[in-house]
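The structure appears below as structure tokens.
Throughout, read-outs are computed from the coordinates displayed, never taken from laboratory work. Note that the coordinates shown come from a computational prediction; the quantities given were computed from them, not determined experimentally. Note: ideal-geometry Cβ built from the backbone for every residue, glycine included; neighbour counts use all protein chains shown.
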């Protein structure tokens, strides 16, 4: 397989490349890999796709993992955020709480599948905007 073309860090296409890379990892159930780690990749895919749209629109963004906040900033700038993309807010927990050992419950296969579906939707939405 031919490697993707690389772009500069201020090019939204590079952010989408990285979003697609995270999404590919999130979708692959590898023996020995925690579902929490794959959900983190789903969150990262959505985050980088959202930030790609922000770069395309010339919106400065904070380097945070709070997808709800990032979507709020985009909405304030006039971007319409569909309900399916708003669902990305639920992925924020995978960038913080479940990313580290905790006393919480492990991520279920159903939760993993839902995280991937949400991330896929965000990536598709962002691709249309670029």
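When each of the peptides 77-87, 43-53, 18-28 is scored by the mean number of other C-beta atoms lying within 10 Å of its residues, the order from highest to lowest reads 43-53, 18-28, 77-87. With the highest mean first, a sort of the peptides 113-121, 59-67 on other beta-carbon atoms found within 10 angstrom per residue produces 113-121, 59-67. Annotation: the residues 69, 112, sorted from fewest to most other C-beta atoms within 10 Å of their own C-beta, follow the order 69, 112.
How much length is gained on full extension from residue 60 to residue 110, taking 0.36 nm per residue of separation minus their Cα-Cα distance?
14.5 nm
Sorting 103, 98 from the fewest to the most surrounding beta carbons within 10 angstrom yields 103, 98. Relative to the longest principal axis of the Cα atoms of the chain, the long axis of helix 12-27 lies at roughly 20 degrees.
Taking square-rooted eigenvalues a ≥ b ≥ c of the alpha carbon gyration tensor, is segment 1-49 rounded, prolate or oblate, where a/c under 1.5 means rounded and, failing that, a/b exceeding b/c means prolate? Write down the numbers at each step before the final one.
Details: a/c = 3.72, a/b = 1.74, b/c = 2.13.
Judged from the Cα gyration tensor, segment 1-49 comes out oblate (a/c at least 1.5, b/c at or above a/b).
Please report the base-10 log of the normalised intensity I(q)/I(0) for segment 12-129, using a Debye sum with one equal scatterer per alpha carbon and no solvent, at each q in 0.12, 0.17, 0.18, 0.22 (1/Å). Log10 of I(q)/I(0), two decimals: -0.38, -0.75, -0.83, -1.19.
A simple spin-label model places the labels of residue 33 and residue 21 1.4 nm from each other, with each point 7 Å out along Cα-to-Cβ. Angle of helix 67-76 to the longest C-alpha principal axis of the chain, folded into 0 to 90 degrees and rounded to 10: 20°.
Hey, what angle do you get for helix 109-129 against the long axis of the chain, alpha-carbon based, 0 to 90 degrees rounded to 10? Long axis of 109-129 versus the principal axis of the chain: about 10 degrees.
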